[in-house]
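Visitor: Here you go, one structure.
The values are calculated or read from the model by the stated rules, or taken from the named source; none is laboratory data. From a predicted model like this one, the values you see are computed outputs, not experimental measurements. Here Cβ is always computed from backbone atoms with ideal geometry, including for glycine, and neighbour counts include all displayed protein chains.
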Amino acid sequence: MDRSDAAHAWELRYIEPGTLEYMEAKEIRYDALYRELGLPRDLVEDTDGRTYRHLAAIADQAIVGYARIHLDGGASRIFQVTVRSDWRGRGVARSLMQELIGLARSEGRTEVGLDARAHVVGMYEALGFVIEGPQFLSARTHTPHFSMKLALV
């Protein structure tokens, strides 16, 4: 699953918890989502009892982006879409999202949901997601979010 912009190429690869790639992805998740807010590192742990598929964008043997999906019943939820700061604006997040949307569709899911930070809603809208409900503060980060959904049928 190779992707690229005009100057940089990356590969999308599913990764497994406990691997070196997964540990590297945890650092990117922490840096992008929690460090600047002064929040604890354990917020990147997958301890909520769900089973996730973890997807990484890899360039020059380094993780540059990450996202995960929980496939459940007719719906799916995407979590922690993150891109390393020096790789933002190159289409990495879009590629991660398109891959996970495709996975959900191939697994027979009818919709994909996510909670988006308010400042990135436009990216998700460009992929066809729609806002469902009013803005709220995330229980984890206390930052403005919107619930969004994409119908797959």
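Visitor: Of all the strands (runs of 3 or more DSSP E) wholly in region 24-94, which have at least 2 residues that are in contact with a His (Cβ under 6 Å, 6 or more places away or on another chain), on the phi > 0 side of the Ramachandran plot and exposed (fewer than 15 other Cβ atoms within 10 Å of the Cβ)?
Guide: On the way: elements: 52-59, 62-72, 75-83.
In region 24-94, no matching strands (runs of 3 or more DSSP E) lie anywhere.
Visitor: Determine which member of the set TYR66, TYR30, TYR52 is at pLDDT 95 or above and touching a Lys or Arg at 6+ places or on another chain (Cβ under 7 Å). Before you say what the answer is, go through the steps one by one.
Guide: Values: TYR30 fails: at pLDDT 95 or above; TYR52 fails: at pLDDT 95 or above.
When all the criteria are applied, what remains is TYR66.
Visitor: Which number in (1) out of contact with any Phe, Trp or Tyr (no Cβ under 9 Å at 6 or more places or on another chain); (2) under 20 Å from ARG53 (Cα atoms); (3) of a type in the set (A, V, I, L, M, F, W, C) marks the one condition that PHE129 misses?
Guide: Tallying (1) out of contact with any Phe, Trp or Tyr (no Cβ under 9 Å at 6 or more places or on another chain); (2) under 20 Å from ARG53 (Cα atoms); (3) of a type in the set (A, V, I, L, M, F, W, C), PHE129 fails exactly one: (2).
Visitor: Within the bounds of region 106-127, is there any residue that is farther than 28 Å from ASP60 by Cβ, in contact (Cβ under 8 Å) with a residue 40 or more places away in the chain and surrounded by fewer than 14 Cβ atoms within 10 Å (Cβ to Cβ)?
Guide: yes
Visitor: Let me ask you something else. Scan region 36-67 residue by residue and report those that are charged (D, E, K, R) and closer than 18 Å to HIS145 by Cα. Talk me through it step by step, then tell me what you get.
Guide: Pass one, region 36-67, residues charged (D, E, K, R): 36, 41-42, 45-46, 48, 50, 53, 60.
Selection gives GLU36 alone.
Visitor: Residues in region 12-23: is at least one modelled with pLDDT under 90, farther than 15 Å from LEU96 by Cα, of a type in the set (A, V, I, L, M) and loosely packed, with under 15 Cβ neighbours inside 10 Å?
Guide: Within region 12-23 (the criterion being modelled with pLDDT under 90, farther than 15 Å from LEU96 by Cα, of a type in the set (A, V, I, L, M) and loosely packed, with under 15 Cβ neighbours inside 10 Å), the answer is no, since none of the residues qualifies.
Visitor: On to the next question. Is there any pair linking a residue in region 18-31 that is touching a residue at least 12 places away in the same chain (Cβ under 8 Å) to one that is of a type in the set (D, E, K, R) and surrounded by 17 or more Cβ atoms within 10 Å (Cβ to Cβ), with Cβ under 7 Å and at least six apart or on different chains, and which?
Guide: ILE28/ARG84
Visitor: Mind checking which pairs have a first residue in region 76-104 that is more than 18 Å from ARG117 (Cα to Cα) and among the β-branched types (Val, Ile, Thr) and a second that is at pLDDT 95 or above and surrounded by fewer than 22 Cβ atoms within 10 Å (Cβ to Cβ), Cβ under 9 Å, 6 or more apart or different chains?
Guide: ILE101/LEU127; ILE101/GLY128; ILE101/LEU150
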